[in-house]
Amino acid sequence: MLDLSAVRCQIDSMVADQAEVGNVTYEERVEAALAQLKRWNEDWATLDERLAQSHTPWQTPRIFQGPLAQGIAPPARPERLSVAATDGSQIFPDRHEVSPCFLLNIGYVLLHYGTDDRPLLSSRPTLYWRDEDLFPQWGGRRTAVNRELVGFRRSLLELTELAELAAASQAAGHPTVALTDGTLVFWGLDARPPDFRAASLAALCSAFDLLQSRGVPIAGYISRPGSPELVNALRVGLCPMDEAAECERCPWLGQVPPCAPVEGVSDAVLFRRVLNPGERSAVFENRSRVLQDYGAHQVFFFYVHAGDEVGRVEIPRYVAQDKDLLELVHGTIVDQAAKGRGYPVSLAEAHERAVVRGTDREGFYRHLEEVFVRHDIDARVSRKSLRKRTVGV
Amino acid sequence: MTEGEVTGTRSLESFVDGDGRFVPHSRAQEIDANAAATGRVGEVVESSTTTLIAEARRLHHAPDFGAFVRVESDGRDLIGVVHNASTQSSEPNRRPMAYGKTEAELRAEQPQIFELLRTQFEVFVLGYLHDDSMVHLFPPQPARIHSFVFPCPVEQVLAVTEDPQFLRSLLEATGLPTDELLLATLRHALKGRADEAGETKAGQYLVRMGAELSRLLRDDYDRLSSLVRRITSWGQV
Amino acid sequence: MGKQNGNGHIISTRHRRGRVGVVTRGSLVEGLEMKLDAERNVEDMKAGKFVVIEGDKNDFFSMVTDMRLDATNSEILLHPPDRSDELLRQVLAGTGTYNIVSLRPMLMMPKDPMSRDFDDGPRPVKAIPSHFSLVQEAEEEDVTRIFGKEGDAEGKYFSIGSPLDMDTQVCIDMVRFAERSNGIFGKTGTGKSFLTRLVLSGLIHYDRAVNLIFDMHNEYGWKAMKESSGKQTSSFVKGLKQLFGDRVAIFSLDPKSTRARGIQPDHEVYISFDQIAVEDIAPLQDELKLNPTAVESAYLVYAIYKDAWLRTLLSLEGPDVEEFAGEIGAHAGSLVALHRKLKRLENFPFMVKKMEGADCVDRIMEHLDAGINVVLEFGQQTSMLCYLLVANVLARRIHETYVKKSERFYATQRPEDKPRQLMITIEEAHKFLNPSAAKQTIFGTIAREMRKYYVSLLIVDQRPSGIDDEVLSQIGTRITALLNDEKDIAAVLTGVNGTEGLRSVLASLDSKQQALVLGHAVPMPVVIKTREYGEEFYKAMGAESVQDADTRREQAEQERELLFGPE
């Protein structure tokens, strides 16, 4: 049990500490960031140049399309539109349970607007129990599968299935937009072995290829984004160094640097000041390292005021570069968020379809036990698991 | 399904999950039309000797309160009356909330809502058919889950309601809105009778049923007279 | 239409059509109760109605004696439905509210024709039907089976009416009727005269008895007034002579009055003082307000003067009487009183000092022997004194004659010596047969003797409670119209078995044309609507109808014209 009261004081210190970096309050930082944003509003190309040249320890984007400090109104949603969305959930492998297998559950949602076609709301679970799944061999090594790997597989599966779903929908005659929850950028792939990375990216890119070839836009929606990428870009903008910021050679080490005033503000907070409900920001390009392997499908992003919050929308290049597709994504997300009372309804439904609840999990393992027993397989459950299940007084 | 190269060749049907509920539009319409042609109005989802719960084939289209229905199960036709219809979310954790829009608007804007709602109705079992005549006993076996529920045609209603035994069954059951249900079933029972030979047949039937009620409610004249007066007021409706 | 019983015999299971209800409770002693079917209207159940309870082995012929309304729940009675709550009333009928009808089984009859009791016909009730036995309306066949049908081979059944709400005949057994004394009772104005006429017609038509009728109100001989005209063409009804012609003779005490009414009496009746015995004076005590010593005084006179005692006594005047009393040793005061009161007799026009011509009694006897019925009209002589005197005098003499004839017949056993059964009809019978008079009058004697001497009474009275109990118990058949008085009702029902429950029936009869018949001549008590005394009845009795008479007259006119030419 967590003793919340014991942690509370520590949390207070932490917050105070963060809020007072450079002796400036949070609100002042936001104002400063806003001012900077406005400064580069028109002249964003210059900033973009600078960004291209700079080397900072914190991540910065490129600016694809301005203006920076103005919101762009959403277009009207087209008469006929279908929104495809997937989400995933899992039952992680648990060596305390009767079997070390794991399960991925993908939820599918296909909502049609402007017709009276019935929506598709379903889910498909897949059980992984074979040797090659439980003990995958990557990078020449065979390891027991862990939560991280399962997570990867799940995220990947969400995307590939989304692509199939959207493509099938388009083929059936519905103008479709594909939405997914979360980022399109698989950060963790970085640390993975090369063959793993290659396999994953191949799958990913084939998904994007497919959608691009069908003219179906795909977007990832991130709720409550905490990224400070753009604020980082403004820091670069503040840096007085010539041509580009080189933090390795920062002359203000040990002091409060000129880029400090905006530090600590997140993009979302910033754009909250700029965007009206429904409006989107400029489009930026993500420069995560892993994206180098994404080939043609670089990931771009923008922020959008979804009604209750500012969310972050990530799109592949083919969407960013196509004005119609970009608008379509913008309009769809705003409409979806309005329907979903602040969060895109299709994603919420997909989540509901996918989620594996505690009771589901319990039922799954109980059934496994029964089947094992029936087939005389040794159904031994570790004591820890048993303790977890029925805790006496 | 493994993650790997996407093919882009799958059909929408392939995304349907195990119970086949959610199907592409064209298929859905075809299935719906087929089901409509069979005349079935629901499918049993819970069953006991005395009652069963069925899910209505179409949302918001449960049979009328007090209507007579037939369940084909195990080679036998069970007969019962509908007494409780409700529409609820089919997901245990999710409840409908107000949107402030008309149904037409919701169907356009939030089509997924209607997938998550289902209409159920409860049926109190009165007995079963044996060679076209009604046996007023609980059936030996309860209806099987997933049996289909059909509305009873007029001739069947006449046969079932000819013997006033069904009134006794309704009165003795617990957990039913008994008086309301009695009146509703009688109204349904009257339909077939009023059309033929005019008023007298219906009138005679009511007197006969009323007399049975009088016997059953011998100790509760207040309730009897209230019921009979309500029946009398139908004549003015 | 029969089913087999245990013996394999076919039982007649005639299905009656008029289902009324089912038996719910009861006992042999107290009678049975039936729940009326909900479809039947309780207003159709009348006291005295004839129904049949179909038991398993027997049919029980029963009479409705009482009806009752009841409800299962007193709530219903506290909050009765409105007139407008038609459905509620109909629903409650038979379920919450119901009608109980009390039945009195009178006769039972086995259903199986092969059972050994079947041929005995209906018998007294010794058993009761089981629960929920069906109760049906009686049908014509039932009535006929019990009461017989007119026109039978032996000629013993005479129809006197029909049961309530039915069209069939109810017959009385004339043989049994004539065997005993009988009574016709009812309040004033309830039609006793009609009943009497009916019964007498039956006796005459079927020749079951020869009748001597003391017609105090001149009702029976020739035509009489009807109280209301109804559908008849005339407001008169035919008398016995009109119906039976030569078989009836009219004797008149008041020939002038008789002739004034357009009738020629067959004989004029005169009584001489010598014909009056002391026994004839005794019944007049109440009427004349004599005390007992007066009668004794009369005896004293008789002792000396024998038959001429009355003549002698009445020839005295004033103070002579006292003197006379002293002579014979009678109490002066009472003899004087006696004399004074008996003087009244001299005023009667039919009283003569000396008889001229034949003795009227002999004349009457001649007629009776010949089988001719005698109606003795009183004309204007309607005083009670006259009635009592004449009836007693004549009856006593006739009875004496009959006794002699009977004894002779017992001795010789020859059929030609057998006296004809005589029935004497008297009205205001309670004057003759009250407890005190009954011991003294000849009528009391006749009543008690039953049929020993082939004489019986037909008493007509509106106050049967005034009649001596012993006499009442000898009355074989009673035909009773409406009576109200509890005592009268009790009197009528004295001495007859199985009359529980009939009190209410008696009290509920219509004031006209309804009567209860019970006793010796009927197997069970039955309420009847009396037979119409009109054209159809006349025809049945063999008399001419008015139309017939008119036709004959017309025809006679035509023939006369033919013979003698027009006038």
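The values are calculated or read from the model by the stated rules, or taken from the named source; none is laboratory data. In this text the structure is predicted, and so the values were computed from the model without any measurement. Using ideal geometry, Cβ is built from the backbone for each residue, glycine included, and neighbour counts are taken over all protein chains shown.
The table below lists the values:
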| read-out | value |
| --- | --- |
| Residue satisfying all of: in segment C:86-115; within 14 Å of chain B (Cβ to nearest Cβ) and of a type in the set (Val, Ile, Thr); nearest to B:MET209 (Cα to Cα) among these | C:VAL91 |
| Subset of segment C:494-532 [free of Cβ contacts under 8 Å to residues at least 40 places away in the same chain and crowded, with 24+ Cβ neighbours inside 10 Å] | C:LEU506 |
| Neighbours by Cβ (under 9 Å, 6+ apart or cross-chain): first from segment C:198-216, under 17 Å from C:ASP369 (Cα atoms); second modelled with pLDDT under 90 and of a type in the set (Lys, Arg) | C:ILE204/C:ARG247; C:TYR206/C:LYS156; C:ASP207/C:ARG247; C:ARG208/C:LYS156; C:ALA209/C:ARG420; C:VAL210/C:ARG420 |
| Subset of segment A:128-144 (residues that are assigned to a strand (DSSP E or B) and more than 11 Å from chain B (Cβ to nearest Cβ)) | A:GLN137, A:TRP138, A:ARG141, A:ARG142 |
| Single unsatisfied condition, B:GLY127 versus (1) buried (at least 18 other Cβ atoms within 10 Å of the Cβ); (2) touching a residue at least 60 places away in the same chain (Cβ under 8 Å) | (2) |
| Members of segment A:181-196 that are within 14 Å of chain B (Cβ to nearest Cβ) and either polar (S, T, N, Q) or part of a helix (DSSP H, G or I) (or both) | A:LEU189, A:ASP195, A:PHE196 |
| Subset of segment B:218-228 [more than 7 Å from chain C (Cβ to nearest Cβ) and surrounded by fewer than 21 Cβ atoms within 10 Å (Cβ to Cβ)] | B:ASP220, B:ARG223, B:SER226 |
| Candidate set from segment A:105-118 (those that are under 17 Å from B:SER11 (Cβ atoms) and charged (D, E, K, R)); member that is surrounded by the most Cβ atoms within 10 Å (Cβ to Cβ) | A:ARG118 |
| Filtered residues of segment B:170-212 (kept if away from chain C (no Cβ under 14 Å), over 21 Å from B:PHE124 (Cβ atoms), charged (D, E, K, R) and assigned to a helix (DSSP H, G or I)) | B:ARG193, B:ASP195, B:LYS201 |
| One residue from A:SER54, A:SER82 being in contact (Cβ under 8 Å) with a residue 60 or more places away in the chain, within 30 Å of A:THR126 (Cα to Cα) and of a type in the set (Ser, Thr, Tyr) | A:SER82 |
| When residues of segment A:165-185 are limited to those that are out of contact with any Leu (no Cβ under 7 Å at 6 or more places or on another chain), touching a residue at least 24 places away in the same chain (Cβ under 8 Å) and not aliphatic (A, V, I, L, M), the one surrounded by the fewest Cβ atoms within 10 Å (Cβ to Cβ) | A:GLY182 |
| Yes/no for A:SER213 being crowded, with 24+ Cβ neighbours inside 10 Å, in a helix (DSSP H, G or I), out of contact with any Cys (no Cβ under 8 Å at 6 or more places or on another chain) and within 14 Å of chain B (Cβ to nearest Cβ) | no |
| All positions within segment A:13-65 that are surrounded by fewer than 13 Cβ atoms within 10 Å (Cβ to Cβ), at pLDDT below 85 and not in a helix (DSSP H, G or I) | A:GLU20, A:THR25 |
| Filter result (without any contact (Cβ under 8 Å) to a residue 12 or more places away in the chain and not charged (D, E, K, R)) within segment C:358-393 | C:ALA358, C:ALA370, C:SER383 |
| Members of segment B:186-207 found to be of a type in the set (A, V, I, L, M), touching a helix residue (DSSP H, G or I) at 6+ places or on another chain (Cβ under 9 Å) and modelled with pLDDT under 85, listed by number | B:ALA194, B:ALA202 |
| Residue, surrounded by the most Cβ atoms within 10 Å (Cβ to Cβ), within segment C:68-86, restricted to residues that are without any contact (Cβ under 8 Å) to a residue 12 or more places away in the chain and touching a Lys or Arg at 6+ places or on another chain (Cβ under 8 Å) | C:PRO81 |
| Top-ranked residue of segment C:249-263 - restricted to ones that are touching a residue at least 60 places away in the same chain (Cβ under 8 Å) and not in a loop (DSSP other than H, G, I, E, B), ranked as surrounded by the fewest Cβ atoms within 10 Å (Cβ to Cβ) | C:LYS256 |
| Residues of segment A:337-357 classified as part of a helix (DSSP H, G or I), out of contact with any helix residue (DSSP H, G or I) (no Cβ under 7 Å at 6 or more places or on another chain) and within 12 Å of another protein chain (Cβ to nearest Cβ), total | 8 |
| Lone qualifier among B:GLN141, B:GLN156, B:GLN165, B:GLN204 - being over 24 Å from the mean Cα position of the chain (by Cα) and either assigned by TED's automatic domain parsing to the domain that holds B:VAL44 or not charged (D, E, K, R) (or both) | B:GLN204 |
| Yes/no for B:PHE148 being assigned by TED's automatic domain parsing to the domain that holds B:ALA56 and not hydroxyl-bearing (Ser, Thr, Tyr) | yes |
| Qualifying residue in segment A:281-295 (condition: touching a Phe, Trp or Tyr at 6+ places or on another chain (Cβ under 7 Å) and farther than 30 Å from A:ALA203 by Cβ) | yes |
| Flag for B:GLN156 being away from chain A (no Cβ under 14 Å), outside any strand (DSSP E or B), closer than 18 Å to B:VAL41 by Cβ and not β-branched (Val, Ile, Thr) | yes |
| Options B:ARG144, B:ARG215; residue that is farther than 18 Å from B:ALA67 by Cα and either touching a residue at least 40 places away in the same chain (Cβ under 8 Å) or away from every other protein chain (no Cβ under 13 Å) (or both) | B:ARG144 |
| In segment A:99-143, the residues that are touching a Phe, Trp or Tyr at 6+ places or on another chain (Cβ under 6 Å) and in contact (Cβ under 8 Å) with a residue 12 or more places away in the chain | A:CYS101, A:PHE102, A:TYR108, A:LEU120, A:LEU121, A:SER122, A:TYR128, A:TRP138 |
| Yes/no for A:LEU121 being within 9 Å of another protein chain (Cβ to nearest Cβ) and either within 25 Å of the chain's Cα centre (by Cα) or loosely packed, with under 15 Cβ neighbours inside 10 Å (or both) | yes |
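Listed here are the residues, each with its yes/no results for (1) in contact with a strand residue (DSSP E or B) (Cβ under 9 Å, 6 or more places away or on another chain); (2) more than 20 Å from A:SER54 (Cβ to Cβ); (3) in contact (Cβ under 8 Å) with a residue 24 or more places away in the chain.
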site	(1), (2), (3)
A:ARG235	no, no, yes
A:ASP242	no, no, no
A:ALA245	yes, no, yes
A:CYS250	no, no, no
A:LEU275	yes, yes, yes
A:TYR294	yes, yes, yes
A:HIS297	yes, yes, yes
